[in-house]
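Chemist: Here you go, one structure.
The values are calculated or read from the model by the stated rules, or taken from the named source; none is laboratory data. Predicted model, so just to flag it, every value in this text is computed and none were measured. Here the Cβ is made from the backbone with ideal geometry for all residues, glycine too, and neighbour counts use every protein chain on show.
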Amino acid sequence: MPNLKRYWKEIRGIERSLPQYVWLASIEDAGRDQPGGRIAEMPATQAALLLHQKSHRMATGEEIATYHAQEQQVQRRLLDEELRREGIAVVVAK
């Protein structure tokens, strides 16, 4: 039982050191067939578990910016496809 108490004490310590939401990046693990470099935003409670397991690390500002840029491209492409299906053309005037 003491090991379980120590485990949760470590998790809660990590959680208290984090902001409410955290961006994490996965670490490659061939044994579990987990690719590295995928990032996600999650609450500190979940992030603390992953950081303790050492399956993830804190994402860098550059990784987060790249993720946001890619998401904007995807959203723009989806919007363009939706407008095209509705027969609406978007023309950029300069």
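Chemist: What's the number of the condition Gly87 fails, among (1) on the phi < 0 side of the Ramachandran plot; (2) out of contact with any strand residue (DSSP E or B) (no Cβ under 7 Å at 6 or more places or on another chain); (3) without any contact (Cβ under 8 Å) to a residue 24 or more places away in the chain; (4) not hydroxyl-bearing (Ser, Thr, Tyr)?
Modeler: With respect to (1) on the phi < 0 side of the Ramachandran plot; (2) out of contact with any strand residue (DSSP E or B) (no Cβ under 7 Å at 6 or more places or on another chain); (3) without any contact (Cβ under 8 Å) to a residue 24 or more places away in the chain; (4) not hydroxyl-bearing (Ser, Thr, Tyr), Gly87 is out only on (1).
Chemist: Quick one: count up the residues across the range 48-58 that are surrounded by 13 or more Cβ atoms within 10 Å (Cβ to Cβ) and either touching a His at 6+ places or on another chain (Cβ under 8 Å) or assigned to a helix (DSSP H, G or I) (or both).
Modeler: Of the residues in the range 48-58, 5 are surrounded by 13 or more Cβ atoms within 10 Å (Cβ to Cβ) and either touching a His at 6+ places or on another chain (Cβ under 8 Å) or assigned to a helix (DSSP H, G or I) (or both).
Chemist: Looking at the range 1-47, which of the residues that are assigned to a helix (DSSP H, G or I) and within 17 Å of the chain's Cα centre (by Cα) is farthest from Tyr67 (Cα to Cα)?
Modeler: So the residue we want is Glu15.
Chemist: Give me the residue from the range 82-94 that is in a helix (DSSP H, G or I) and loosely packed, with under 12 Cβ neighbours inside 10 Å and, out of that set, modelled with the highest pLDDT.
Modeler: The selected residue is Glu82.
Chemist: Just wondering, is there one or more residues in the range 59-81 that are part of a strand (DSSP E or B) and surrounded by 11 or more Cβ atoms within 10 Å (Cβ to Cβ)?
Modeler: No, because not a single residue in the range 59-81 is part of a strand (DSSP E or B) and surrounded by 11 or more Cβ atoms within 10 Å (Cβ to Cβ).
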